[in-house]
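I have placed the structure first, in the form of structure tokens, so that the comments after it can refer back to it.
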């Protein structure tokens, strides 16, 4: 067993969100195909960028989300009632004192008319914008955690007392009971125990056997990168994500407490970022320095032309399930 230094245990205020599928596990060694060895080989996973790919440490941040005024809370409640059309998202721009209502490329015709009418009813309190593509749940094309329903990305390893688990996107876990390290579904990792989607987008999988190596963190290219705790996101913060599909990417947090309307359901409390993501990236770990920030959920665009990615904050599943990152 690897001896590790004392870890910082983190817990953050809960936020809700929804999801993208992804896979950021490390492939099991070719020399061993047994379920126990396969599980041990991927437990330290989530995907680890080389140290050079991770943003350098930055100054401490307050991590306290800006307060939303009562009038803007009423505006968002009205939008939830009157503008919940698939392909829309909204949240507060605290600097401008406005609610920003975003529409993807699928919002047209009667839906567009409905959204515009809802926005105009609040005058200057609502600012609208368009983004190309379609907000979607990225539930295809990733690796390397597999189920009968598809494949997703392992996010962060977590534990509760002596039990070991990993997190991934809730919409992944909601449709699968068992998870494997290979597409042939022969190398068992664990079984789904709980999920929250829509509304939120996080899910919990319990490892099938106790790990011999209890390192947490993320790994990529054979290098281990330690995750020592949990951080609250702040606007402008640089964040990194890693997946088995599109590798290492960095971006910035552009908004907090976002509500997103996917065709599959509405989620709230999302972190909006400039990270790019593609099908297969659901559940991928998002972190800053050595602190976990969240799990990739959904968005629009791709890693060729860029896009918008929404992230489920990590604090909510940790609080909901009584977990710690190790």
Inset, instruction - Taking the Cβ of each residue in 171, 122, 191 as the centre, tally the other Cβ atoms inside 10 Å and list the residues starting with the fewest. - result: 191, 122, 171
Inset, instruction - Would you mind telling me the antiparallel percentage of the DSSP bridges in the range 213-323, rounded to 5? - result: 95 percent
Inset, instruction - Return, ordered by residue number, the residues of the range 90-112 whose backbone nitrogen is under 16 Å from a label point located 7 Å along Cα→Cβ of residue 125. - result: 90-94, 96-101
Legend entry - Kirkwood-type radius of the range 152-266, with distances r between different C-alpha atoms, in Å: 16.0 Å
Inset, instruction - Distance between Cα centroids, the range 283-326 to the range 165-199: provide it in whole Å. - result: 16 Å
Legend entry - the range 217-326: relative contact order in percent, alpha carbon pairs under 8 Å with at least 6 residues between: 25 percent
Legend entry - the range 118-211: C-alpha pair distances exceeding 20 Å, %: 45 percent
Legend entry - Order by protection proxy (mean Cβ within 10 Å, highest first), peptides 172-179, 148-155: 148-155, 172-179
Legend entry - Debye intensity ratio in log₁₀ form over the Cα atoms of the range 206-326, taken at each q of 0.14, 0.23 Å⁻¹: -0.60, -1.47
Inset, instruction - For the range 268-326, calculate the relative contact order in percent as a whole number, restricting contacts to Cα pairs under 8 Å that are 6 or more residues apart. - result: 37 percent
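Values quoted throughout were computed directly from the atomic coordinates according to the rules given, and no laboratory measurement underlies them. On a predicted model such as this, the values are computed, not experimentally measured, just so you know. No Cβ is skipped: glycine too gets one built from the backbone with ideal geometry, and neighbour counts run over all protein chains shown.
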